[in-house]
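Asker: There's a structure below that I have some questions on.
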Amino acid sequence: MKTLHFQKLSVKVVTITLFSFGIIGAVLIGYNYFTIPHVISKQQSIVIAIRADNWTQQDLENTTVDAELLQAKLSNHMALVINETTLTTDPFPRMAPLPPRVFEEDQMFWDVIIKKHLKGMEYEQWQYLIDAKNSTMLEKMDP
């Protein structure tokens, strides 16, 4: 009789413990979702830029494609370079000039640059500004 009572008690304790872990997990996932900004990846931003001008594989020969995640700081007309993994600035943040466009304070955007090398040190440069949160093209600058 005591073993049956002990088994029922054990099942109840295990059930309550598992439900508690599930609830705590759900709360942590919800907190993470609503507090950490969600942005598109560097690779996604490059694909958006390439599709914007219908670049082909042949067009991209002899080119350099790079992207930086930036955050607009309107008070000093600069952009902070954001670490794409942690979505924070480095301890000693790098600054970049803010492109001539209307931004919102703290807006995060990808600055994608495609450089086509010509001869010697000459190159042509295309610049694409892509909103990091909703993946829309903010601006495109041709050479």
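Asker: Which angle between 0 and 90 degrees, to the nearest 10, do you get for helix 2-35 versus the longest principal axis of the chain when only C-alpha atoms count?
Answerer: 20 degrees
Asker: Next question, about the same structure. If you keep only loop residues by DSSP, which GluC sites (Glu not before Pro) in the range 29-129 have at most 15 other Cβ atoms within 10 Å of their Cβ?
Answerer: Answer by residue number: GLU61, GLU84, GLU104, GLU105, GLU122.
Asker: So how much slack lies between GLN125 and LYS42, counting 0.36 nm per residue of separation and subtracting their Cα-Cα distance, in nm?
Answerer: Computed gain between GLN125 and LYS42 is 28.0 nm.
Asker: Calculate the dipole size of the chain relative to its Cα centre from +1 charges on Lys and Arg beta carbons and -1 charges on Asp and Glu beta carbons; express the result in debye to the nearest 20.
Answerer: On the way: 13 positive and 16 negative charges, 225 e Å.
Computed about the Cα centre, the dipole is about 1080 debye.
Asker: Sticking with this one: Too long at a 18 Å Cα-Cα cut-off: which of LYS115/LYS140; LYS119/LYS140; LYS116/LYS140?
Answerer: Going by Cα-Cα distance, LYS119/LYS140 fall outside the 18 Å limit.
Asker: Sticking with this structure for a sec: Normalised by the number of residues in the chain, what is the relative contact order in percent for Cα pairs under 8 Å and 6+ residues apart?
Answerer: 21 percent
Asker: Ranking request for peptides 11-24, 36-49: highest mean number of other beta-carbon atoms within 10 Å first, then the rest in descending order.
Answerer: 36-49, 11-24
Asker: Name the lysines eligible as straight-distance cross-link partners of LYS133: C-alpha to C-alpha under 21 Å, and not fewer than 8 places from it in the same chain.
Answerer: List returned: LYS42, LYS73.
Asker: Run lengths n ≥ 4 of DSSP H only: what is the helix-derived mean residue ellipticity at 222 nm for the chain, with -39500 (n - 2.57) per run over all residues, to the nearest 500? It would help to have the intermediate numbers written out before the result.
Answerer: Working: 2 runs with 45 residues, N = 143.
Value at 222 nm, helices only, nearest 500: -11000 deg cm²/dmol.
Asker: Just to confirm the number: angle between the C-alpha axis of helix 42-52 and the first principal axis of the chain, 0 to 90 degrees, nearest 10?
Answerer: Tilt of helix 42-52: around 40 degrees.
Asker: Pulled fully out, how much extra length does the chain show between ARG51 and MET78, if you take 0.36 nm times their separation in residues and subtract their Cα-Cα distance?
Answerer: Answer, rounded to one decimal: 6.9 nm.
Asker: Right, here's the next one. Using a Förster radius of 25 Å, what is the FRET efficiency between HIS117 and MET95 based on their Cβ-Cβ separation? Nearest 0.05, please.
Answerer: The computed FRET efficiency comes out at 0.40.
Asker: Here is a follow-up. Taking the chain on its own, what percent of its Cα-Cα pair distances exceed 25 Å?
Answerer: Counting pairs separated by more than 25 Å, the tail of P(r) holds 48 percent.
FYI, it's all coordinate maths here, none of it is from the lab. Keep in mind the model is a prediction, meaning the values are calculated, not measured. Counting neighbours? That spans all protein chains shown, and the Cβs are built from the backbone with ideal geometry, glycine included.
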